[in-house]
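Down below is the structure, laid out as structure tokens.
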Amino acid sequence: MYDYWLGGKDNFAADRIAGDRAIEAYPDIVHSVRANRAFLSRVVRYLVREAGIRQFLDIGTGIPTANNTHEVAQAEAPESRIVYADNDPVVLSHARALLASAEGGATAYVDADLRDTDTILAEAAGLLDFSRPVAIMLMAILQHIDDAEDPYGIVGRLVGAVPSGSYLALSHPAADIEAEAMAEMGKRLNQLMAEKVTFRSQAEVAPFFDGLELVEPGMVRVQQWRPDTEAERTGPAALWGGIGHNA
């Protein structure tokens with residue numbers, strides 16, 4: 001669905017049906033996913049340019065589109081290393097076909113569920129050096145972990161595995177922005193998708209950053225996180241996002 005909303009071609013009839021049902025409930029979903037993609041690009045550029053990060057663990061990759069994490073990072077620093085993780089074999093087959101690392105850098109793929117942090121970390125260690133800072137990327141994925149599955153504990157285990165100087169970057173669909181439309185969209189998606197969604201309020205997203213120092217401007221709507229243009233800043237998007245630093 002994410003690929004469909006972004007205007008890509010790597011999607012299926014069921015994705016388009018569910019995607020259109022979501023658009024009916026929340027017409028700005030297309031703007032939201034594009035704003036989330038732009039947020040990812042700005043975050044990666046910040047992490048490479050200003051924070052000096054050269055290692056990324058991107059979980060919940062999705063079918064590759066434009067401006068993937070490795071493309072943005074390696075455009076700034078070709079030696080950057082990126083490990084992607086996803087639990088969908090279709091996504092991984094596309095990833096292997098479409099994602100090619102820049103010369104001097106490296107990209108790897110882990111077939112694992114976000115809930116299985118031990119497998120992700122063990123396999124990522126084949127490429128990433130966990131004695132050096134790593135940026136953990138969780139872009140619009142945590143909504144697939146409901147409260148009973150302890151999403152905060154999952155994030156805590158990931159953050160606890162990376163050293164001082166590392167970062168956590170995440171975005172999360174909001175329950176408290178255009179709340180009625182978002183609630184209806186969530187209801188429709190949960191009727192059509194095998195993986196259910198749990199949207200969260202700003203107060204519920206904030207604890208994912210517990211123990212970390214938030215990078216300015218803090219945890220805000222994704223379009224308001226260091227936008228490149230006024231059009232980016234004022235666009236509609238119902239997601240919270242931010243970066244935390246493990247100082």
For this session: Considering every residue within the range 192-208, establish whether at least one is closer than 22 Å to residue 48 by Cα, free of Cβ contacts under 8 Å to residues at least 12 places away in the same chain and either in contact with a helix residue (DSSP H, G or I) (Cβ under 7 Å, 6 or more places away or on another chain) or part of a loop (DSSP other than H, G, I, E, B) (or both).
Result: no
Seminar exercise, completed: Considering the range 171-190, residues that are among the hydrophobic types (A, V, I, L, M, F, W, C) and within 18 Å of the chain's Cα centre (by Cα), and then whichever is surrounded by the fewest Cβ atoms within 10 Å (Cβ to Cβ), we arrive at 175
Exercise. Restricting attention to the range 192-211, does a residue exist that is of a type in the set (Gly, Ala, Ser), under 22 Å from residue 19 (Cα atoms), open to solvent by less than 40 Å² (accessible area, probe 1.4 Å) and modelled with pLDDT under 95?
Worked result: no
Exercise. In the range 224-237, how many residues are at negative phi, in contact (Cβ under 8 Å) with a residue 24 or more places away in the chain and either among the hydroxyl-bearing types (Ser, Thr, Tyr) or out of contact with any His (no Cβ under 9 Å at 6 or more places or on another chain) (or both)?
Worked result: 4
Exercise. Considering 222, 162, 215, which residue is buried (at least 16 other Cβ atoms within 10 Å of the Cβ) and closer than 24 Å to residue 87 by Cα?
Worked result: 162
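Show me the strands (runs of 3 or more DSSP E) found entirely inside the range 48-156 where at least 2 residues are in contact (Cβ under 8 Å) with a residue 60 or more places away in the chain.
Values: elements: 55-59, 81-86, 106-111, 135-139.
Counting at least 2 such residues, we get 55-59, 135-139.
Could you check the range 211-247 and list, in sequence order, the residues that are charged (D, E, K, R), assigned to a loop (DSSP other than H, G, I, E, B) and over 18 Å from the mean Cα position of the chain (by Cα)?
Keep residues of the range 211-247 that are charged (D, E, K, R), which gives 213, 216, 221, 226, 228, 230, 232-233.
With the extra rule that they be assigned to a loop (DSSP other than H, G, I, E, B), the set shrinks to 216, 226, 228.
Correct list: 216, 228.
Going by the conditions given, is residue 83 under 15 Å from the mean Cα position of the chain (by Cα), crowded, with 17+ Cβ neighbours inside 10 Å, of a type outside the set (Gly, Ala, Ser) and under 22 Å from residue 240 (Cα atoms)?
Details: under 15 Å from the mean Cα position of the chain (by Cα): yes; crowded, with 17+ Cβ neighbours inside 10 Å: yes; of a type outside the set (Gly, Ala, Ser): yes; under 22 Å from residue 240 (Cα atoms): no.
When the stated conditions are applied, residue 83 does not pass them.
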Problem set entry | Qualifying residues in the range 13-60 (those that are under 17 Å from residue 141 (Cα atoms) and among the hydroxyl-bearing types (Ser, Thr, Tyr)) - the one nearest to the chain's Cα centre (by Cα) | 41
For this session: Among residues belonging to the range 157-191 that are small (Gly, Ala, Ser) and part of a helix (DSSP H, G or I), point out the one that is nearest to residue 115 (Cα to Cα).
Result: 160
For this session: Could you tell me which numbered condition residue 123 fails, if it satisfies all but one of (1) over 17 Å from the mean Cα position of the chain (by Cα); (2) closer than 20 Å to residue 172 by Cα; (3) of a type in the set (Asp, Glu)?
Result: (2)
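The values are calculated or read from the model by the stated rules, or taken from the named source; none is laboratory data. All values derive from a computational prediction rather than experimental measurement. Cβ sites come from the backbone with ideal geometry, for glycine too, and all protein chains shown count toward neighbours. Keep in mind that these areas ignore ligands, DNA and RNA; they rest on the heavy atoms of the full protein, side chains included. Shrake-Rupley method; radii C 1.70, N 1.55, O 1.52, S 1.80 Å.
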